Amino acid sequence: MSGFVLRLTRESSGRTQVVMAEALGVDVDTLQGWESGRRPLANMRAGALLELRRRLPVLGADRTLVRWLDAAMDADRIIAAGLANVDAPHPLARWVHTRETAHVLAWAVNGTTPPALAGRLARPRRGPATVAPQLPAADRTVFFDHLRAVTEHAARQGEDGVLLHRQALYLASYDRGQDAAAWTAHTLHGRRDVLARRGWSPQWAAARSTATALARLGDPQPLLDFIDHALADDDTAEAANLNYWALWLGAMTMPQSDDRFMRDRDLSGWDALTLLRGLAQGLVDAPGFVDLYAHSLFSLLAVNPWLPQAAGPLAAPLRVRTEHLLDCADLSARSRRELGRVHYVLSENCT
């Protein structure tokens, strides 16, 4: 994945492999090895990798693509663990992955281009160039079989396996095979008992992932129940939800090794304006998800009443979007009330 993103990054600069290699001070074979995956970027020395990431924008590469190299390297580690099936500590048990990592993995296993990159992928000029970094069918089967086995193993580890279980199960829900979808839905429904637990705990984080995965599979009711019974009007849970969004959407830049960062009631370590921008971009009319985004926006503005004034050009399009959703979307009574409040606050600060 990182090699493919690096290739896109180089192409965004308009440079050939020969020209880019010369500009970076490496031989062409080395650059070709990075782009093909023969020389994984993650195996580079830290200093050399940092220099590469700093040099690429200077050489005219798209800065957004450069930033996605980190997520691509994370995805490479997760995929490698799935294909090698080794006994070492699983990467999904060692850090909390972000939306960008999840999107790169979805790109690899089902060909879904990350929305942030959809308009940045150049068409090949000639020849049989790869246009998507999709895993071969055989590797996808091995990878998803591995995720299901890891999920079942982690469920038997108790508290020690909560992070691994929730992340492996969430990624397993990307499998579009009919039998796999049935397994995922059955496993997720088996955890519905945790959806109504109030206050933060590792199980609360697992319940949130369970509810969102079920919504993505076409069952939004658990997510609506989660908002009503395990999130709304609980200060600890509200803080946990915003903290998780901050990491997931890139407002929190410090990597997290486990879910305990969600317990921060002071909401420190992340930028509220960046989170507002991420929530605004994700506010789509999808059953269940629109309700979670609406509640999270409402909660974010409640704890940061200054945010609408600081939103600048972001406020007007968000106001228009909330108005459209209020007119057209199938919202719960809570979501309609909260989204209406968001729209009112934005309108007051856009005039």
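What to note about this one:
- Max mean-square fluctuation residue, GNM over the chain, Cα-Cα springs under 10 Å, options Glu22, Glu100, Glu238: Glu22
- Rounded tilt (10° steps) of 63-84 against the dominant C-alpha axis of the chain: 90 degrees
- Between 0 and 90°, nearest 10: helix 99-110 axis offset from the chain longest Cα axis: 60 degrees
- Overall form of the chain per C-alpha gyration tensor (a/c, 1.5; a/b vs b/c): oblate
- For Asp285, Asp219, the ranking by accessible surface with the largest value first comes to Asp285, Asp219, using a 1.4 Å probe.
- Degrees between helix 235-248 axis and first principal axis of the chain (Cα, 0 to 90, nearest 10): 20 degrees
- Surface share of carbon and sulfur [accessible, 1.4 angstrom probe, percent] for the range 151-225: 49 percent
- Alpha carbon centroid spacing (whole Å) that separates the range 268-284 from the range 27-95: 26 Å
- Accessible surface of the range 265-349, 1.4 Å probe, proportion on carbon and sulfur as whole %: 53 percent
- Placing unit charges on the Cβ atoms of the charged side chains and taking the dipole of the range 52-107 about its Cα centre, the candidate lying farthest along the positive direction among Thr64, Asn85, His103 is Thr64.
- Å² of accessible area per residue within the chain, as computed with a 1.4 Å probe and no ligands counted: 47 Å²
- The eigenvalues of the Cα gyration tensor, multiplied by 5 and square-rooted, give the range 140-272 an equivalent ellipsoid with semi-axes of 25, 17, 14 Å from largest to smallest.
- Förster radius 30 Å - calculated FRET efficiency between Trp95 and Val26, Cβ distance, rounded to 0.05: 0.55
- In the chain, helical runs assigned H by DSSP with n ≥ 4 each contribute -39500 (n - 2.57); averaged across all residues and rounded to the nearest 500, the mean residue ellipticity at 222 nm is -19000 deg cm²/dmol.
- Built from the Cα atoms of the range 1-74, the convex hull projects on average onto 4.0 nm², one quarter of its surface area.
- Across the chain, the relative contact order, built from alpha-carbon pairs under 8 Å that are at least six residues apart, equals 11 percent.
The values are calculated or read from the model by the stated rules, or taken from the named source; none is laboratory data. All figures in this text were calculated on a predicted structure; none of them were measured in a lab. Note: ideal-geometry Cβ built from the backbone for every residue, glycine included; neighbour counts use all protein chains shown. Keep in mind that these areas ignore ligands, DNA and RNA; they rest on the heavy atoms of the full protein, side chains included. Shrake-Rupley method; radii C 1.70, N 1.55, O 1.52, S 1.80 Å.
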